[in-house]
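Report on the following structure.
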Amino acid sequence: MREFEQSFSKQVDDFLDFYPSYIEHVRPELNGLFREEDYPSADALRKKFGLKLEVLPIPSGDDFRVTMSAEEQARVAREIDANVRQSLEKETEDLWSRLKSVVSHMADRLKDPESRFHASLVTNVFDLVDLLPQLNVGQDQELNRVAAESRNRLCGYTAHELKKNDILCVATASNAAALLDKMDTVMRQREEATVDERIAPASGPSADDIISHMSAYMETATP
């Protein structure tokens, strides 16, 4: 934990050290639209960062041991497993929504020839799809595939390159629209299905799988 705190603190310090140069970099890109008050001071930003580690047990129906009848044990085990599956489903839905949000924002910006956009239009997509496999605790393979496709089809060019090339801009906007259609289809199908159909006990990740996945992510996140 101590090493993770030190790594987190260093990443914040590195970002804040770079922050002033980032502001100077975007100043000319905004072509007179730059406003100093849009950018908080480094001290104000530092207060926005924090780290809290909360260690909680992850229940598993198979590991539930208590003195009660076999019938009661089976019932409680089923309830625990159902709660875990519902929690995983909620977290997975949130990841789908986050991916859809950044792709939708890119599509809206690129299809409007009068819109102004910045480097974050592409980097926001790239950063999210790069992180999604680690956040995907429910191990939704379709989500991983759509994230990888979003990286390949939307992040091949910088925002500056898209601004300067109408053909690239239109093609990327079309790719974003196609991905949105795909995500809408997947999310609609999942809304029509039950939780048990979406994450069945036999195919869903176990508590051990979840812990292993989260441990691997923590190791990846810590240099």
Working carefully through the options L135, L128, L110, find the one that is out of contact with any strand residue (DSSP E or B) (no Cβ under 9 Å at 6 or more places or on another chain) and at pLDDT below 90.
L135
Residues of region 1-14 being in a helix (DSSP H, G or I) and either modelled with pLDDT under 80 or farther than 22 Å from H118 by Cβ (or both), in sequence order, are R2, E3, F4, E5, Q6, S7, F8, S9, K10, Q11, V12, D13
Go through region 15-33 and report how many residues are over 29 Å from the mean Cα position of the chain (by Cα) and either closer than 15 Å to A119 by Cβ or assigned by TED's automatic domain parsing to the domain that holds K163 (or both).
3
Select from region 98-121 the residues that are of a type in the set (D, E, K, R) and over 20 Å from L33 (Cα atoms) and list them in ascending order.
R98, K100, D108, K111
Could you please find all residues in region 19-35 being loosely packed, with under 11 Cβ neighbours inside 10 Å and free of Cβ contacts under 8 Å to residues at least 12 places away in the same chain?
S21, E24, P28, N31, G32, R35
Candidates T172, T185 - the one that is modelled with pLDDT of 85 or more and within 30 Å of P28 (Cβ to Cβ)
T172
Log entry, pairs with first residue in region 113-133 being touching a residue at least 24 places away in the same chain (Cβ under 8 Å), second being of a type in the set (S, T, N, Q) and part of a helix (DSSP H, G or I), beta carbons closer than 8 Å, six or more apart or on different chains, reads V125/S150; V129/S150; L132/N144
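The values are calculated or read from the model by the stated rules, or taken from the named source; none is laboratory data. The shown structure was predicted, so the numbers you read here are calculated from the model rather than taken from an experiment. Note that each Cβ is placed from the backbone with ideal geometry, even for glycine, and that neighbours are counted across all protein chains shown.
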